[in-house]
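Asks: Following this message is one structure expressed as structure tokens.
The values are calculated or read from the model by the stated rules, or taken from the named source; none is laboratory data. It should be emphasised that the depicted structure is a prediction, and the values quoted were computed from it without experimental measurement. Quick reminder, even Gly has a Cβ in these numbers, built from the backbone with ideal geometry, and neighbours come from all protein chains shown. Note: areas computed on protein heavy atoms with side chains; ligands, DNA, RNA excluded. Shrake-Rupley method; radii C 1.70, N 1.55, O 1.52, S 1.80 Å.
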Amino acid sequence: MSDRRIQWCLIGTSALLGSLCTIAALNLFSRWSTKMKNKRTSTLVNLLEESNASCPDALFGISGMRCSGVLNNLSGKELLKDEVVSEQLTRNIQFFGMNSQQRVAESYVVIVGLGGVGSHAASMLLRSGVGRLLLVDFDQVSLSSLNRHAVATRADVGIPKAICLQKHFSSIFPECRVEAKVQLYDESSEEEILSGKPDFVLDCIDNIDTKVALLSACVRRSLKVLSAMGAGARADPTRIRVADLGESSIDPLSRAVRYRLRKDHGIEGGIPVVFSVEKPKVKLLPFKGSSGEEENPSDYQIVPGFRVRIIPVMGTIPAIFGQVMASYVVTQLAELPVHTEPVVNLDLNHYRILHQRLLEHEELLYGSAEVLVGVEEVCYIVKELWHGRSARDQSSRDVGRKMWRSVNELMLVRWNREQPASVSNLILLKFEEADAHETTTIENIKEQEPEFHDMVTAVLKRAMVDFML
């Protein structure tokens, strides 16, 4: 045999032996990998049995196998130690701090009504790391829902809204314990829905009877609640506000809810609401039956008391309502102080009157009209610090015409007479209160009215922070 043939035989034999060795090694690795996978699965099952948790239908893998059923029974601190969770919530942790984000992770929020407003509120609460959500709605996803719903797709049409959200949420933040109830809220379901000591309840219902029942139950149970008013037929997102129900005088739904709460339950206010100060752009559309003729909507009601006629909705506004609600709730849960813009119905002329009144008072009392504030600062002091009311009347809920008429009896005076009239040393008082204030001292107020003194001091400190004084 020639040398070349011998070389080719050696090469072929070496290749064959190498292939056989590679196959053997792969078989050994496969057996070892299967054994380790079974071991991990067994460990996971043991953890589930120990915690009485149930693994969700959809498991996902980032490194090995992961089941949120194990994690959502952990405390907020333990949950945030998980690498995937902490990475997903990195921006929130940076914003709030770890301790505050732990409070969010340990919170329980109930959302009733999962349409354009509620779905977006629930979605952002989930993405913000709230540890437990209860989703309540009796309705199903329809094609017309898709212009404003947070997560629904055409494939979800016909599925209950609560189940739709629960399904999508499991792939967004599976560590959250999400419960779904496909039912209508009423007095018979109050205990089932509101028990469990939720940290917050979100009212995203668009029916007055149900809304009033939920709000009154929350007040009776001393539960924190945030209510959404009318989002339909609006177009200007800059006019959305958060304020007490008593201050939402422009919104028609607010008026009806406020009247019913006062009449049927003796509730005057104390409920924060999200509403728009914009007048509705369009009206409720007439209802037309299959014949094309206008008919009585009540003849077609599936649920008594619920509207059948359509409210035209631009999808962005309900979404922003929901985002505002989620932001309000998350900052409350994290205990981050946020000062919402008050609803004060004053125009520039009213602020000019108050500024001129301040100048005249300074000239009369101190012999000089040189103050450290202009009309712009007066606007801030009156609107942001004192909400258009006397510093001694901050519990008042006077709004609308009654509020701007009160300008005729209000004036700005120095809190501390020894300091100049600046943005951090002016309080808003009625004329007679201002006269009394000028005859006393800060020391006397601190001794005789410590609560009032502390309140004013805190408000003026906010001015110092806002103006970086």
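Asks: Give me the extension gain from residue 439 to residue 360: residue separation times 0.36 nm, minus the current Cα-Cα distance, reported in nm with one decimal.
Replies: Working: separation 79, 0.36 × 79 = 28.44 nm, distance 1.81 nm.
Contour length minus Cα-Cα distance gives 26.6 nm.
Asks: Can you classify the stretch 151-217 as rounded, prolate or oblate using the Cα gyration tensor, where a ≥ b ≥ c are the square roots of its eigenvalues, rounded means a/c under 1.5, and otherwise it's prolate if a/b beats b/c and oblate if not?
Replies: Working: a/c = 2.42, a/b = 1.50, b/c = 1.61.
Here the stretch 151-217 falls in the oblate category.
Asks: Estimate the FRET efficiency between residue 142 and residue 368 by the formula 1/(1 + (r/R0)^6), using the beta-carbon distance for r and 51 Å for R0, to the nearest 0.05.
Replies: 0.15
Asks: Averaged over every viewing direction, what's the projected area of the C-alpha convex hull for the stretch 408-454? Give it in nm², one decimal, please.
Replies: For the stretch 408-454, averaging the hull's shadow over all directions gives 3.4 nm².
Asks: Turning to a different aspect of this structure: If one computes the Cα centroid of the stretch 352-367 and of the stretch 123-185, what distance in Å separates the two points?
Replies: So the separation of the two Cα centres works out to 57 Å.
Asks: Of 181/279; 197/263; 211/383; 211/279; 279/430, which ones are farther than 23 Å apart at the Cα?
Replies: Long pairs (Cα-Cα over 23 Å): 181/279; 197/263; 211/383; 279/430.
Asks: Moving on to the next point. So what's the net charge close to residue 132: Lys and Arg +1, Asp and Glu -1, counting the other residues with Cβ under 12 Å from its Cβ?
Replies: Computed value for this residue: -2.
Asks: Per residue, how much accessible surface does the stretch 199-258 expose to a 1.4 Å probe? Answer in Å², no decimals.
Replies: Values: 1920 Å² over 60 residues.
For the stretch 199-258, the per-residue accessible area is 32 Å².
Asks: Between beta-carbons, use under 12 Å as the cut-off and find the net charge around residue 142, counting Lys and Arg +1, Asp and Glu -1.
Replies: Value of the local net charge: +1.
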